[in-house]
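*Asks:* Sharing a structure below in structure tokens format, with a few things to ask.
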Amino acid sequence: MDVPMTVTRFAPSPTGYLHVGNLRTAVLNWLLARKNGGTFILRIDDTDPERSREEYADQIRRDLEWLGLTWDREERQSSRLERYHAAADRLREAGRLYECFETPTELDLKRKKQLAAGRPPVYDRSALQLSDASKATLRADRGPGHWRFLLDRVEVRFRDLIRGDQRIDAASLSDPVLIRADGQFLYTLASVVDDSDMGVTHVVRGADHVTNSGTQTQIFQALDAEPPLMAHNSLLTDADGGALSKRLGTLALKDLRDQGIEPMALVAYMARLGSSLPVEVITDPTVLIDTFEIGQFGLAPTKFDPADLAQHSAKTLRSLSYEAVKSRLSDAGVPSDMAPALWEAVGPNLDRFDEIAEWWALCRHGTDPVVDPEDAAYVKEAIGMLPDRPWDTDTWGAWTAALKEATGRKGRGLFQPLRKALTGRAHGPDMALLLPLLQRAGDG
Ligand code: GLU
């Protein structure tokens, strides 16, 4: 039997910036497609012309490119309206799409009455009772109506690749609006048409879409299309288990980038967080792809701690070889012919990549020494005892051993004043590695 090629899609709405929650969905879809040699589609869900902005769509592409989450195809819902019209016509012909005229206030009132009577606030389908003549009158009075999908009031079952067997009781749901009174197609319909037209085999998205999947399963069936396999990843919470939604504004991918988070660290973090595999420093995407299984993810909400991500990012950065960072040096304002030894000395000490610029500048131009008054005499003596150049990686050890002998100082009291005098900072890389790189500071 032919197994269809895996086709996944990441379908953000360009109504805001991507944040870590969206990223998880993007990463899982990307991994699933790559693992199976399939196709990963970037679908821009821009059916809402008022809220969608080109600026957001551009930023979405930039974010994904930054992370290396390459897509094979891009689709835009706004250029597929004809397909949605055709699908709506089919549903109408099949008696599954009906026009309603209630105003939001009327609907609200209905809901309140139902709740007061102890009944679930499910749309009562009264528009189904309207005669053609009353519809014409309402249309003349109120303008065109909105259109609802007539749900089959049965239990919808599907097997979720993450959450296991799902049962959604369609009788407890309101018939969803698929077309607004102003003619705008809603995502619920547009997404089904796209997934079916584009041969999407797996829909991976957040757990907030589970009920939607019940509804959409019926829409697929009403359009004679096979629903794709579904997987709903658990939502992210903050470190205390609270909803992350309030903080998502500060967790936009472009902000994480500005904060110096390493792209590959972010991808590796999201590829493993909430799964049965550990979050590890992985800088080769093929390792993530090879070890990925959608079933490794769990149902439980997943804690996301920005401080933990920052640590993971620093750890990842420190593991990178000179070869791996060489092409990025110019982004940090460092000449691309920077000595590899500088990366080897400084890299294992960085929190974020752009800090390399300070160390490069120090080795190139030197710095004003920082000398605490109580160390002034010691530093003067030490400078007097500095071995002749050239300095190599043994120089620091030999120099400080001689100073220890001469002054009786040891530990912090021996090393710290020298570090501050030479680098202007209290912390930094291994001085044995750094000292040889400082010998030409200020030479030109
Ligand atoms: N545009 C929808 C969203 O951002 C897509 C959901 C889906 O993947 O089907 O929630």
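*Asks:* For region 168-178, enumerate the residues that are open to solvent by less than 10 Å² (accessible area, probe 1.4 Å) and either among the aliphatic types (A, V, I, L, M) or within 16 Å of the ligand (Cβ to nearest atom) (or both). Give the steps one after another, and end with the answer.
*Replies:* Taking region 168-178 first, the residues open to solvent by less than 10 Å² (accessible area, probe 1.4 Å) are 170, 175, 178.
Once the filter is applied, which keeps residues that are open to solvent by less than 10 Å² (accessible area, probe 1.4 Å) and either among the aliphatic types (A, V, I, L, M) or within 16 Å of the ligand (Cβ to nearest atom) (or both), region 168-178 yields A170, L178.
*Asks:* Condition first: of a type outside the set (K, R), in contact with a His (Cβ under 8 Å, 6 or more places away or on another chain), in contact (Cβ under 8 Å) with a residue 60 or more places away in the chain and over 30 Å from H85 (Cβ atoms). Can you find one or more residues in region 252-271 that meet it? Show your work before the answer.
*Replies:* Of all residues in region 252-271, those of a type outside the set (K, R) come to 252-253, 255-256, 258-271.
Okay, now just the ones that are also in contact with a His (Cβ under 8 Å, 6 or more places away or on another chain), so 252-253, 265, 268-269.
Next, only the ones that are in contact (Cβ under 8 Å) with a residue 60 or more places away in the chain stay: 252-253.
From what's left, over 30 Å from H85 (Cβ atoms): 252-253.
Yes, that holds for at least one residue.
*Asks:* Still on this structure: Within region 288-334, how many residues turn out to be over 18 Å from L235 (Cβ atoms) and in a loop (DSSP other than H, G, I, E, B)? Step through it out loud before you land on a result.
*Replies:* We begin by selecting, within region 288-334, every residue over 18 Å from L235 (Cβ atoms); these are 288-293, 295, 307, 310-334.
With in a loop (DSSP other than H, G, I, E, B) added as a condition, the list becomes 292-293, 319-321, 333-334.
Adding up the residues that qualify gives 7.
*Asks:* Hey, could you check region 1-15 for residues that are of a type in the set (S, T, N, Q) and surrounded by fewer than 21 Cβ atoms within 10 Å (Cβ to Cβ) and say which is farthest from the ligand (Cβ to nearest atom)?
*Replies:* Going residue by residue through region 1-15, those that are of a type in the set (S, T, N, Q) are 6, 8, 13, 15.
Within this subset, residues satisfying the condition of being surrounded by fewer than 21 Cβ atoms within 10 Å (Cβ to Cβ) are 6, 13, 15.
Values: T6: 16, S13: 4, T15: 9 Å.
The residue in question is T6.
*Asks:* Taking G242, is it out of contact with any Lys or Arg (no Cβ under 7 Å at 6 or more places or on another chain) and away from the ligand (no atom under 16 Å from the Cβ)?
*Replies:* Values: out of contact with any Lys or Arg (no Cβ under 7 Å at 6 or more places or on another chain): yes; away from the ligand (no atom under 16 Å from the Cβ): yes.
Yes: the conditions hold for G242.
*Asks:* Name the single residue that is surrounded by the fewest Cβ atoms within 10 Å (Cβ to Cβ) among those in region 302-332 being touching a residue at least 40 places away in the same chain (Cβ under 8 Å) and among the hydroxyl-bearing types (S, T, Y).
*Replies:* Among those that are touching a residue at least 40 places away in the same chain (Cβ under 8 Å) and among the hydroxyl-bearing types (S, T, Y), it is T302.
*Asks:* Suppose we keep only residues that are part of a helix (DSSP H, G or I) and of a type in the set (D, E) within region 344-398. Which one would you say is most open to solvent (accessible area, probe 1.4 Å)? Break it down stepwise before answering.
*Replies:* Initially, region 344-398 is screened for residues part of a helix (DSSP H, G or I), giving 344-349, 353-365, 373-385, 395-398.
This time we only want the ones that are of a type in the set (D, E), so: 344, 354-355, 358, 374-375, 381.
Details: E344: 109, D354: 71, E355: 43, E358: 89, E374: 135, D375: 23, E381: 80 Å².
Taking the candidates together, the pick is E374.
*Asks:* Would you point out which residue out of T6, T25 is farther than 19 Å from M270 by Cβ and in contact with a strand residue (DSSP E or B) (Cβ under 8 Å, 6 or more places away or on another chain)? Reasoning before the result, please.
*Replies:* Details: T25 fails: farther than 19 Å from M270 by Cβ.
After applying the criteria, what remains is T6.
*Asks:* Next question, about the same structure. Restricting to region 16-44, name every residue that is open to solvent by less than 10 Å² (accessible area, probe 1.4 Å) and among the polar types (S, T, N, Q).
*Replies:* Answer for region 16-44, where residues must be open to solvent by less than 10 Å² (accessible area, probe 1.4 Å) and among the polar types (S, T, N, Q): just N29.
*Asks:* Next question, about the same structure. For P335, all conditions in the list (1) open to solvent by less than 50 Å² (accessible area, probe 1.4 Å); (2) out of contact with any helix residue (DSSP H, G or I) (no Cβ under 8 Å at 6 or more places or on another chain); (3) more than 30 Å from K380 (Cα to Cα) hold save one; what is the number of the exception?
*Replies:* (2)
*Asks:* For the structure I just gave you, tell me whether I168 is in a loop (DSSP other than H, G, I, E, B) and more than 23 Å from D108 (Cα to Cα).
*Replies:* Values: in a loop (DSSP other than H, G, I, E, B): no; more than 23 Å from D108 (Cα to Cα): yes.
Against the criterion (in a loop (DSSP other than H, G, I, E, B) and more than 23 Å from D108 (Cα to Cα)), I168 does not qualify.
*Asks:* Within region 158-167, can you find the residues that are of a type in the set (D, E, K, R) and open to solvent by less than 30 Å² (accessible area, probe 1.4 Å)?
*Replies:* Kept after step one, since they are of a type in the set (D, E, K, R), are these residues of region 158-167: 159-160, 163, 165, 167.
Hit for region 158-167 is D160, nothing else.
*Asks:* Let me ask something else. Filter region 240-262 for residues that are farther than 28 Å from E355 by Cα and surrounded by fewer than 17 Cβ atoms within 10 Å (Cβ to Cβ) and give the result.
*Replies:* Filtering region 240-262 for residues farther than 28 Å from E355 by Cα gives 240-246.
Matches in region 240-262: D240, G241, G242, A243, S245, K246.
*Asks:* Which one is farthest from T237 (Cα to Cα), of the residues in region 19-62 that are within 11 Å of the ligand (Cβ to nearest atom) and hydroxyl-bearing (S, T, Y)?
*Replies:* T47
*Asks:* Still on this structure, I have one more. Please name all residue pairs, on different chains or six or more residues apart, with Cβ atoms under 7 Å, provided the first residue is in region 144-157 and is open to solvent by 60 Å² or more (accessible area, probe 1.4 Å) and the second residue is modelled with pLDDT of 95 or more and among the charged types (D, E, K, R).
*Replies:* Close Cβ pairs (under 7 Å, with a partner that is modelled with pLDDT of 95 or more and among the charged types (D, E, K, R)) amount to E155/R167; E155/D169; R157/D165; R157/R167.
*Asks:* Surrounded by fewer than 17 Cβ atoms within 10 Å (Cβ to Cβ) and closer than 28 Å to L186 by Cα: does that describe D284?
*Replies:* On the way: surrounded by fewer than 17 Cβ atoms within 10 Å (Cβ to Cβ): yes; closer than 28 Å to L186 by Cα: no.
Taking the combined requirement at face value, the residue does not satisfy it.
Residue-by-condition table, conditions (1) surrounded by fewer than 18 Cβ atoms within 10 Å (Cβ to Cβ); (2) in contact with a Pro (Cβ under 8 Å, 6 or more places away or on another chain); (3) closer than 25 Å to L256 by Cβ:
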position: D46; (1), (2), (3): no, yes, yes
position: Q59; (1), (2), (3): no, no, yes
position: A86; (1), (2), (3): yes, no, no
position: C100; (1), (2), (3): no, no, no
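*Asks:* Now a separate question. Are any of the residues in region 418-434 farther than 23 Å from P348 by Cβ, in a loop (DSSP other than H, G, I, E, B) and open to solvent by 60 Å² or more (accessible area, probe 1.4 Å)? If you could, list the steps in order and put the result at the bottom.
*Replies:* Of the residues in region 418-434, the ones farther than 23 Å from P348 by Cβ are none.
Looking for residues that are farther than 23 Å from P348 by Cβ, in a loop (DSSP other than H, G, I, E, B) and open to solvent by 60 Å² or more (accessible area, probe 1.4 Å), one finds none in region 418-434, hence no.
*Asks:* Next question. Please go through region 179-220 and give me each residue that is within 12 Å of the ligand (Cβ to nearest atom), assigned to a strand (DSSP E or B) and open to solvent by less than 20 Å² (accessible area, probe 1.4 Å), ordered by number.
*Replies:* V203, V204, R205, G206 - these are the residues of region 179-220 that are within 12 Å of the ligand (Cβ to nearest atom), assigned to a strand (DSSP E or B) and open to solvent by less than 20 Å² (accessible area, probe 1.4 Å).
*Asks:* Please state which one of R157, R139, R153 is modelled with pLDDT of 95 or more, under 26 Å from R205 (Cα atoms) and not in a strand (DSSP E or B).
*Replies:* Values: R157 fails: not in a strand (DSSP E or B); R139 fails: under 26 Å from R205 (Cα atoms).
None of the other options fit; the residue is R153.
The values are calculated or read from the model by the stated rules, or taken from the named source; none is laboratory data. Model, not experiment: these values are computed from the prediction. Ideal geometry is used to build each Cβ from the backbone, glycine not excepted, and the neighbour counts take in all protein chains shown. Surface areas here come from the heavy atoms of the whole protein model, side chains and all, with no ligands, DNA or RNA. Shrake-Rupley method; radii C 1.70, N 1.55, O 1.52, S 1.80 Å.
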